[in-house]
1. Among the candidates B:85, B:106, B:79, B:113, single out the residue that is within 14 Å of chain A (Cβ to nearest Cβ) and either touching a strand residue (DSSP E or B) at 6+ places or on another chain (Cβ under 7 Å) or surrounded by fewer than 18 Cβ atoms within 10 Å (Cβ to Cβ) (or both).
2. Of the residues that make up segment B:159-167, is at least one buried (at least 20 other Cβ atoms within 10 Å of the Cβ), touching a strand residue (DSSP E or B) at 6+ places or on another chain (Cβ under 9 Å) and under 15 Å from residue B:66 (Cβ atoms)?
3. Given the conditions (1) more than 9 Å from every other protein chain (Cβ to nearest Cβ); (2) in contact with a helix residue (DSSP H, G or I) (Cβ under 6 Å, 6 or more places away or on another chain); (3) more than 22 Å from residue B:6 (Cα to Cα); (4) part of a loop (DSSP other than H, G, I, E, B), report the number of the one that residue B:67 does not fulfil.
4. Could you check residue A:112 against (1) facing chain B (nearest Cβ under 9 Å); (2) within 23 Å of the chain's Cα centre (by Cα) and say which number it fails?
5. Mind checking whether some residue in segment A:139-150 is in the same structural domain as residue A:36 (by TED's automatic domain parsing), part of a loop (DSSP other than H, G, I, E, B) and more than 26 Å from residue A:289 (Cα to Cα)?
6. Count, please, the residues in segment A:71-98 that happen to be in contact with a strand residue (DSSP E or B) (Cβ under 6 Å, 6 or more places away or on another chain) and surrounded by fewer than 24 Cβ atoms within 10 Å (Cβ to Cβ).
7. Which residue, of A:51, A:1, is farther than 24 Å from residue A:228 by Cα, in contact with a strand residue (DSSP E or B) (Cβ under 7 Å, 6 or more places away or on another chain) and at the interface with another protein chain (Cβ under 10 Å from one of its Cβ atoms)?
8. Among A:273, A:211, A:224, A:219, which is closer than 26 Å to residue A:7 by Cα and at pLDDT 95 or above?
């Protein structure tokens, strides 16, 4: 499996945006190098605002920049952008509906890697999802992050973009497009189970689907990269005729895509939903493989969960 | 100066009437800021076009101490940006005059504020943004002195200094009181000037109820070549004797008798 940097991909997406729109401004709280933004700093020094180590002021200053008609993108770690600067994200950015894009790196336990819990975004999606008016996007590899980072400037109002560690597995071919709001099926052998997933877990979901299919279980797997707003029409289509639902994500099982899908299924087409993720506990330092093994997000875990679900 | 004094008197009456009508709102913090707001909006400081509140070359005023918004709304009504007919909609359902300032709903309100400290950081973003856009507009932010206890204030000041935001003027309503009592008894903000200067902020001081002193300081701030703070020495509840320096008026609603007495004190006599 090839590995690319979703962080660097953010910079590339912002550079793509800057080529056509000089009102884009990178806001950093000493976090520009997190996304390897040297090119932006060198090529567009006027479009780079370094706020120093100050997540709250950086978020609020982004609101001020947007109020002048600029298009700030504030880059930080997921855990700090959504927790330390949460109140500014809500009150200064989302409530007035300002055109501020926020990028959270180290989204998930694997993305936080050996940094440990303090630097892993484990609740970020749940937090931003409960604030009205924020579009929430979690692409699944570097190619998709680059396109999403370019596309988010075309989405009016606040956007939260979740990215990874800088060593993230490639999943989609390079020419795959990214269209905000669209879901995408990446495996389909039947409708006993439909699996929804986002982020850097798609490869183990896909291999779990292959194993399940060999065992005679029909399964469909769908990437939901735009977690809010959910594409209701497409979700209904994926759920139509499905026996049961599994959601797989590198996030607390409370608040993330698992919660969003459960809410949607309860409201529209009640059926059994199983949420797989970090089971309302903190993780720890470790390699992505070790963490997924210990906390139950491997191909084997998904297969076992699916078989048990059909037996129940 | 007589006209400005007269305007401040009228604005204090407006604020008292608005708060009395809804029986909610912050009188003490509004009254300590009244001459500062009057100087900005009616003393020729802010470069605005009341007929076009979104004019892109305008100066910006951010009420970082957002709880004093009755004073801001009164000023915006008297400049004509908000219609007089909305005067008695403060804090009502479906009103544009929210309990704390809302830049999305209310014309003339430059920033959604109220969570203390955020307004100054937003003003820093505006000042930087206007420089990026090569505008000569200035940004004024009014904070409380208790508000200086917020950590984001010092993050914002560090950035203001780092970016040499000489188009930013920070006005500090130094009434020495916060919600829970005297600042010296509650959170502690002193020494303000020494702290600001340590953050490389140019500092001026003035009597925040004296227009000639205020306007002199605001003029001097324009030419300091650095982000500048004007420490405005004020009295909480200024203008009505039984509210002055009395902490319960941070957010207290007058009785009918107190309202009458307050309106009488503001009857044709300038403070």
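1. Sole residue among the options that is within 14 Å of chain A (Cβ to nearest Cβ) and either touching a strand residue (DSSP E or B) at 6+ places or on another chain (Cβ under 7 Å) or surrounded by fewer than 18 Cβ atoms within 10 Å (Cβ to Cβ) (or both): B:113.
2. Checked against the condition, which is being buried (at least 20 other Cβ atoms within 10 Å of the Cβ), touching a strand residue (DSSP E or B) at 6+ places or on another chain (Cβ under 9 Å) and under 15 Å from residue B:66 (Cβ atoms), segment B:159-167 yields no hits at all.
3. Of the numbered conditions (1) more than 9 Å from every other protein chain (Cβ to nearest Cβ); (2) in contact with a helix residue (DSSP H, G or I) (Cβ under 6 Å, 6 or more places away or on another chain); (3) more than 22 Å from residue B:6 (Cα to Cα); (4) part of a loop (DSSP other than H, G, I, E, B), the odd one out for residue B:67 is (4).
4. (1)
5. Filtering segment A:139-150 down to residues in the same structural domain as residue A:36 (by TED's automatic domain parsing) leaves A:139-150.
Subset that is part of a loop (DSSP other than H, G, I, E, B): A:139-141.
Checking which are more than 26 Å from residue A:289 (Cα to Cα) leaves us with none.
No, the conditions are met nowhere in segment A:139-150.
6. Number of matching residues: 1.
7. On the way: A:1 fails: at the interface with another protein chain (Cβ under 10 Å from one of its Cβ atoms).
Of A:51, A:1, the one residue that is farther than 24 Å from residue A:228 by Cα, in contact with a strand residue (DSSP E or B) (Cβ under 7 Å, 6 or more places away or on another chain) and at the interface with another protein chain (Cβ under 10 Å from one of its Cβ atoms) is A:51.
8. A:224
The values are calculated or read from the model by the stated rules, or taken from the named source; none is laboratory data. This is a predicted model, so every value here is computed, not measured. Every residue, glycine among them, receives a Cβ derived from its backbone with ideal geometry; neighbour counts consider all protein chains shown.
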